[in-house]
Amino acid sequence: MDFEKLESFDKGVKIINVKNFELYDVFECGQCFRWEKSESGSYIGVAFGKVIEVNKIDNDLFIYNTNEEQFNNLWLDYFDLNRNYDEIKNSLSSDPILKEAIDFGAGIRLLKQEPFEMLISFIISSNNRIPMIRRAINKISEKYGKEIKYKEKVYYGFPSVTELSKATIEELESCSVGFRAKYIKNTCEAVNNEKGLLNNIKSCDDDNCHEKLLDFMGVGPKVADCIMLFSMAKYSAFPVDVWVKRAMMHFYVAPDVSLKKIRDFGRNKFGSLSGFAQQYLFFYARENDIKI
Ligand code: 8HG
């Protein structure tokens, strides 16, 4: 567990002496698209149809617009606060190269997000840039998700599969998803047609989970790895995008190796902690704009 104790107050909960949690690292490391920094320096985000605000003051984490019961049922797991990240970091730091990336992103934690939202979000991510991905997801949520008010502002939950299935390909195109509109439509149909499909995929072992995600239209190995890592707690996933490729070529492997070879190399090297290693590397490479 990465905190000492929990206290409630009128507006939310206070998590005392939190470890391995920095707002910037958690929310800007590439794993999520629906968290925005507010003027006060806190982050406001939408998840599970709710809006919460998170701030860190000294060593304490404040979560606003929630209560103790909801924290225990939802946010404790979402923020992965039951995991001891010192163990992960110590184990991965035996590799001096990785230690540099871990020290840089020391406050990263992997969020446990919703499978359907990650499936659609990472279909949108293929051949796309993060600001554009965020824009498309926001448009989809505004159009098909439920309204949520917080502090006089309106936010929108990510739509359920039932809600998103109402969208036509043309309507999806108007949400800036481009050629991915037909993939989203087809994927919504697949999820809608088989009750419990995403739960069943989540309950598979890592390799089968990866295989089954590849059946969705618009999901290749990299996108499948992101979905399973960010919403299914499959930590042997090693998504190789351009930044992870650059980091791996910079640090470990010869140039011009295929994405598949880099993925295999990473998974062999980092084993059941591959997904964590990947996140430290992705954040390090992107923030430092590393070249090969
Ligand atoms: O956290 C991420 N890891 C990896 N490997 N790739 C990611 C993450 N987040 C994210 O958006 N991507 C993809 O990287 C989406 C997009 O294709 C590209 C942007 O640099």
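We did not get these values from a lab; they are worked out from the coordinates using the rules stated. Remember, predicted model here, so these are calculated numbers, not experimental data. Here Cβ is always computed from backbone atoms with ideal geometry, including for glycine, and neighbour counts include all displayed protein chains.
Points worth noting:
- Length released on extending from Asn288 to Phe62, taking residue separation times 0.36 nm less the Cα-Cα span: 78.4 nm
- Between Asp86 and Lys261, residue separation times 0.36 nm minus the direct Cα-Cα distance comes to 60.1 nm.
- Most positive-pole-ward Cα, Ala237, Val191, Met217, against dipole of the chain from beta carbon charges: Met217
- For the chain, the residue among Ala285, Phe158, Ala181 whose Cα projects farthest onto the positive side of the dipole built from Cβ charges is Ala181.
- Spatial offset of the stretch 127-146 relative to the stretch 1-70 amounts to 22 Å, using the alpha carbon center of each.
- Model label sites at Lys50 and Glu173, defined 7 Å from Cα along the beta-carbon direction, differ in position by 3.9 nm.
- Cleavage-rule hits, trypsin sites (Lys or Arg not before Pro), the stretch 202-292, DSSP coil, Cβ neighbours within 10 Å at most 13: Lys291
- Here the Gaussian network model covers the chain, with springs between Cα atoms less than 10 Å apart; of Gly218, Gly271, Gly105, Gly271 fluctuates the most.
- Rounded to the nearest 20 debye, dipole of the stretch 133-283 from Cβ charges on Lys, Arg, Asp, Glu: 420
- Summary of the geometry: the stretch 232-249 and the stretch 150-186, compared by the centres of their Cα atoms, lie 27 Å apart.
- Computed [θ] at 222 nm, deg cm²/dmol, the chain (DSSP H ≥ 4; -39,500 (n - 2.57); rounded to nearest 500): -13000 deg cm²/dmol
- Ordered by the number of other Cβ atoms lying within 10 Å of each residue's own Cβ, fewest first, Met228, Met217, Met248 fall into the sequence Met217, Met248, Met228.
- Along the axis of the charge dipole computed for the stretch 1-71 (Cβ charges of +1 for Lys and Arg, -1 for Asp and Glu, origin at the Cα centre), the listed residues Met1, Trp35, Phe21 are led at the positive end by Trp35.
- Backbone phi angles across the stretch 229-237, fed through the Karplus curve with coefficients 6.51, -1.76 and 1.60 (θ = phi - 60°), yield HN-Hα couplings of 6, 8, 9, 10, 6, 9, 8, 8, 5 Hz in residue order; Gly and Pro are listed as x.
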